[in-house]
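What follows is a short report on a single structure.
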Amino acid sequence: MMMKKKKGNNFKLLSLFLFLGLCVGDYGIGVGIGDDGVWVGGGGGGGNPNSDPGSAPKQQTNAAYSALQSWKSAITEDPSGVLKTWVGEDVCSYKGVFCSGSSVIAIDLNKANLKGTIVKDLSLLSDLTILHLNSNRFSGQIPDSFRNLDSLQELDLSNNRFSGSFPQVTIYIPNLVYLDLRFNSFTGSIPENLFNKQLDAILLNNNQFTGEIPRNLGYSSASVINLANNRLSGEIPTSFGVTGSKLKEVLFLNNQLTGCIPESVGLFSDIEVFDVSFNSLMGHVPDTISCLSEIEVLNLAHNKFSGDLPDLVCSLRNLINLTVAFNFFSGFSSECSRGSVGFDFTGNCIPGKGYQRPQPDCSAIPGSALSCLRIPAQPLTCAAIVGLKVTSSP
């Protein structure tokens, strides 16, 4: 997933060609950004064909060589033989290394199955813009020296064996806009200042993070926030949605969240996926969900919600999958009864419907005395959301 970058169109093209390179083979395409735009070269080869190798700044070349050789020595297993090409001072000929002129601007070693650690010397790659290490066996922690990677914009460390507390250094990488830490073994709390950073994507799912979701979650600039499959507890912050964020996907599923869905959820006018399934949320579903005019997937399953499903939810024009299974809902509107696409209401307390809970389970509704009206004092309506183009579906 590639996000918007400060360096403009050249960066977008670079991201596209890196993706295409993975499609045509293992590190079979060379890509870079030169003065004339993005160039594409063959093999694991190299530099910009329009540049003069003799003009490469020797100091810069030596720094990259030193950094990559230091990293090579910290990699203990290389079953695919990627590092066999990491020989000699021409670092732009190394598989998985992409250059512009003599500058290393991207490293893409996704699915190389390398085992080892990340070394502090990588901070010598001052022009590095992309570092993709998805699906390897790297372990340990992220060196504090990474804060010196001033050009780094995409950091993908997903599907590895990193551990320890949240890598705080990632917050101090000045131009980072895409952070992917999925499928590792990070523990402890998620720091509040993460959501103050100007990131386009925050992907932290499938770790072992604990504690509450930071209170400033709603102030994040990200379009995708994935905190699924952790051990997070407490309530969804009341700041959720208050800034009118351009959030498109939010995934909180399979945690230990309690309390209500904030009324302010309706402020996310652009949201397309909202999944809070497999938690312990309860109370009624806020009417403001009917303001989510762009939503396509709404998953509230395996919680403790009760009451009637709001009438307008099933008539949202873009909704293609609505799952409210295994809650304590007592009814839903005629719109839902007409058979909305992907509507799953099994395991509730709806009279006259099949595959519902046995009556004894419905006699004591969890959280039935819980008031979910928090801030503002009265439920929001779509018309009251000033400054956003949000309307309820007919």
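Computed from the coordinates by the stated procedures, all read-outs in this text should not be read as laboratory data. Computed from a prediction, not measured in an experiment: that's the story for all the values here. All Cβ positions, glycine included, derive from the backbone under ideal geometry; neighbour counts span all protein chains shown.
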Task: Distance between modelled label sites at Thr187 and Arg215, nm, 7 Å Cα→Cβ extension - done: 2.7 nm
Task: Ranked by how many other beta carbons lie within 10 Å on average, peptides 343-349, 189-195, 295-301 from highest - done: 295-301, 343-349, 189-195
- [ ] Rounded to the nearest 0.05, what FRET efficiency do Arg137 and Ser233 give with R0 = 30 Å and r taken as the Cβ-Cβ distance? Could you check?
- [x] 0.50
Task: Inter-probe distance in nm under a simple model that places probes 7 Å from Cα toward Cβ, at Leu370 and Ser330 - done: 1.7 nm
Open item on the list: If packing is taken as the average number of other Cβ atoms within 10 Å across a peptide's residues, how do 308-319, 257-268 rank, most packed first?
Closed with: 257-268, 308-319
Open item on the list: Tell me the net charge near Asn184. Cut-off is 15 Å between Cβ atoms, Asn184 excluded, with +1 for each Lys or Arg and -1 for each Asp or Glu.
Closed with: +3
Task: Simple label model, 7 Å out from Cα along Cβ direction - Asp311 to Thr117, nm - done: 6.4 nm
- [ ] Sort the following peptides by mean Cβ neighbour count (other Cβ atoms within 10 Å, averaged over residues), highest first: 225-234, 98-107, 357-366.
- [x] 98-107, 225-234, 357-366
Task: Compactness of the stretch 174-268, expressed as Rg and Dmax over alpha-carbon positions, Å - done: 12.3, 36
Open item on the list: Which residues among the stretch 175-200 fall inside the zone where the amide N is under 18 Å from a point 7 Å beyond the Cα of Gln208, along Cα→Cβ?
Closed with: 181-191
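Tell me, Kirkwood radius of the stretch 261-362 from alpha-carbon pair distances, in Å? Numbers along the way, then the final one.
On the way: mean 1/r = 0.0742 Å⁻¹.
Mean inverse Cα-Cα distance, inverted, gives 13.5 Å.
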TODO: Using only C-alpha positions, report the orientation-averaged shadow area of the convex hull of the stretch 72-221, nm², one decimal.
DONE: 8.4 nm²
TODO: Send over the per residue convex hull volume for the stretch 146-198, Cα only, as a whole number of Å³.
DONE: 71 Å³
